[in-house]
There are 2 protein chains.
Amino acid sequence: MAVQGSNKNQKPGNLVQTIERVSLILDVLGRYSRGISVGELSEEVGLPKGSTHRLLSSLAYFNFVRQDKPTKKYHLGFKLLELGSLLITQIDFRNEARPLMQELANKTGETIHLVVLDQNEALYIDKVALNQSGLQMMSRVGLRMPIHCTSVGKILAAYLPEEELDLIIKEKKLPRLTAHTMTDVALFKRHLKEVRVCGYAIDDEENENGIRCVAAPIRNSDGAVVAALSISGPSIRVSLKAIEDSLKDQVCAAALHISKKTGFIG
Amino acid sequence: MAVQGSNKNQKPGNLVQTIERVSLILDVLGRYSRGISVGELSEEVGLPKGSTHRLLSSLAYFNFVRQDKPTKKYHLGFKLLELGSLLITQIDFRNEARPLMQELANKTGETIHLVVLDQNEALYIDKVALNQSGLQMMSRVGLRMPIHCTSVGKILAAYLPEEELDLIIKEKKLPRLTAHTMTDVALFKRHLKEVRVCGYAIDDEENENGIRCVAAPIRNSDGAVVAALSISGPSIRVSLKAIEDSLKDQVCAAALHISKKTGFIG
DNA sequence: AATATGGTTTCGCAATGCGAAACGAAAGGG
DNA sequence: CCCTTTCGTTTCGCATTGCGAAACCATATT
């Protein structure tokens, strides 16, 4: 599967009601890890109990949701896990990326992430952390991060058409997450220009205190940036000097390698 | 989230048409890793092009599917990845299991799996393999396996009410996958009795030639078996002797440890 | 340019699914 | 032990929703 740019969702209007409701229901279920009853759910989504129940039982039949028999509460269903993990295997560069991510993790000792742009956010689609079960990053496949305060987000943003970037900034703003977060649009754009020049991006504790990252772009055969690869770790180990001295080169080399494997001619 | 037993889906009848169609569409999309056009898809699902398109555009709006702009082809959408990975984090024993799986992988050098029963199959919900990027198992989170020829499947089957087990066997049969696969119902049931007595199950190249596994049950606070933990590896390393001497004890100890962490009083 | 191909939109009809209300099954309390 | 409450599930008549044939439109092709 090719992952090309982000998907700008057209204007709502002619949406299928059932799909809208299903999306809403699944989102709510996602927020209740202990499960939720029909009554509560119907309250939450603002639909009559009967209607909610009809949708739930059909969703359950196809395994999109699960009803816990003893408690009668509804949960997300394993069909979602199945489809989600299927989706991951369909991303073509992911298979090429895997071994190189592993190697990068072994060499650097830090956590490696593979990220795409989706819904105007940076979406983690793979992660390799060393087995030494020390402190792990809170990141996780399927998780989303803002584009303005992560190294991967900056990479994905830097190679976007200006107008699309403007739309994203307009929608998401540049919320402050740490003292280092860039919250000024002009500054952010200047920064992205630098990223394009350097060919890599740094997150210097702009997303989470004590965490620093470096990322590089992964390109498809057309040269378009389709993903970003990053090295993340505690600021003590991932010092600005370490980044300059070797990490930035390692992540760039690995990203280029992946790009070439999937048809990019550098 | 508690994962309790399997979900027996009630009889179809009053299903919401849209949900049925959505499920079908997503399943088909899952089979086309290169994407599929509206025309092909409408052919495949047996729906008029217009109807297929309407469903797809609503699904795309909510990010359940993605349309690749250059090719216009449709793919699974990242919302599925998001919901699927959210679901995984909601399984309560998974968080307790993780570190123990890691430890088990380090000690044994083999691949560790965490599996639940879903839709009458063994569903992999977590996997820990060593970093040493040698030969990896083809297993993957979200993948399903038969219950009769995997160690984890046998564990999940062994503690099922007889009637439910019969239903599963009736539905799935006991298809032969290797020369060692048990295909006789009576033999299989006798075998499950042994599993209950021993407290662990072995897959002796019954699912895949050259792969042997040992699994043990994970129980909730009520003592009900909710998952299985396994050690898998090439038959050369995972010999029957190695299993007897230490692997079976290690996997049982780890599984019991996880059970106790989530409230089981052994 | 003309044509073919395939994605997208329209629109009038009726099937689909909506939701108020009835029903039923547990759980709690007198 | 029965009565009451609570909450999940089912029913059913109505009208809204979404169905799908056909028109439309945008690319690619000759």
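Charges on Cβ only, +1 for Lys and Arg, -1 for Asp and Glu, centred on the Cα centroid of the protein assembly as shown; of A:I243, B:G50, A:Q67, which one is farthest towards the dipole's positive end?
So the residue we want is B:G50.
Would you calculate a helix-derived [θ] at 222 nm for chain A, using -39,500 (n - 2.57) for each DSSP H run of n ≥ 4 and dividing by the full residue count, to the nearest 500?
That calculation yields -13500 deg cm²/dmol at 222 nm.
Over 17 Å, how big is the tail of the calculated P(r) for the stretch A:17-77, in percent of all Cα pairs?
Of all Cα-Cα pairs in the stretch A:17-77, 24 percent lie more than 17 Å apart.
Kindly give Rg over Rh for the stretch B:91-242, based on alpha-carbon atoms, with the Kirkwood expression for the hydrodynamic radius.
Result: Rg/Rh = 0.94.
Take every Cα pair under 8 Å in chain B that's 6+ residues apart, average their separations, divide by the length, and report that relative contact order as a whole percent.
About 15 percent, as a whole number.
I need the P(r) histogram for the protein assembly as shown: all alpha carbon pairs, bin width 20 Å from 0 out to the longest distance, whole percents.
21, 52, 26, 1
Extent of chain A along each principal axis, from alpha carbon coordinates, in Å, largest to smallest?
Ordered largest first, chain A gives principal extents of 62, 43, 40 Å.
Which of A:H191, A:H148, A:H53 moves the most in a Gaussian network model of chain A with Cα springs under 10 Å?
Answer for the Gaussian network model of chain A: A:H53.
Just want the ordering: A:C149, B:C198, from fewest to most Cβ atoms lying within 10 Å of their own Cβ.
Fewest-to-most Cβ neighbours within 10 Å comes out as B:C198, A:C149.
Toward the positive end of the charge dipole of the stretch B:156-266, about the Cα centre and with charges on Cβ (Lys, Arg +1; Asp, Glu -1), which of B:F188, B:L160, B:L229 goes farthest?
B:L229
Gaussian network model of chain B, Cα springs within a sub-10 Å range: biggest mean-square fluctuation belongs to which of B:K69, B:K173, B:K241?
With Cα springs under 10 Å in chain B, the top fluctuation among B:K69, B:K173, B:K241 is at B:K69.
Kirkwood Rh, the stretch B:171-232, all Cα pairs: how many Å?
The Cα-based Kirkwood calculation yields 12.8 Å.
Working only with C-alpha atoms, what are the Rg and Dmax values of the stretch B:142-188, expressed in angstrom?
Values for the stretch B:142-188 (Cα only, Rg and Dmax): 10.3, 30 Å.
Compute a Gaussian network model of chain A, connecting alpha carbons closer than 10 Å, and tell me which residue from A:N14, A:N220, A:N106 fluctuates the most.
Maximum fluctuation in the GNM of chain A, among the listed residues, is at A:N14.
Within 15 Å, Cβ to Cβ, of B:K189, how many net charges do the neighbouring residues add up to if Lys/Arg are +1 and Asp/Glu are -1?
Charge balance in the 15 Å sphere: +1.
Between the helical axis of A:162-172 and the dominant principal axis of chain A, each derived from Cα atoms, what acute angle in degrees is found, rounded to the nearest 10?
The answer is roughly 50 degrees.
With each pseudo-label sitting 7 Å past Cα toward Cβ, what's the A:E194-B:K241 distance in nm, one decimal?
Result: 6.3 nm between the two label points.
Sort B:L114, B:L165 so that the residue with the fewest other Cβ atoms within 10 Å of its own Cβ comes first and the one with the most comes last.
Listing B:L114, B:L165 from fewest to most nearby Cβ atoms yields B:L165, B:L114.
Just rank A:E194, A:E103, A:E110, fewest to most, by other beta-carbon atoms within 10 angstrom.
Taking fewest neighbouring Cβ atoms as first place, the list is A:E194, A:E103, A:E110.
Taken together, the values in this text are just the output of simple stated rules run on the coordinates, not laboratory data. Just so it is clear, the structure is predicted and the values come from calculations on it, not from any experiment. With ideal geometry, Cβ positions are generated from the backbone for all residues, glycine too; neighbour counts draw on all protein chains shown.
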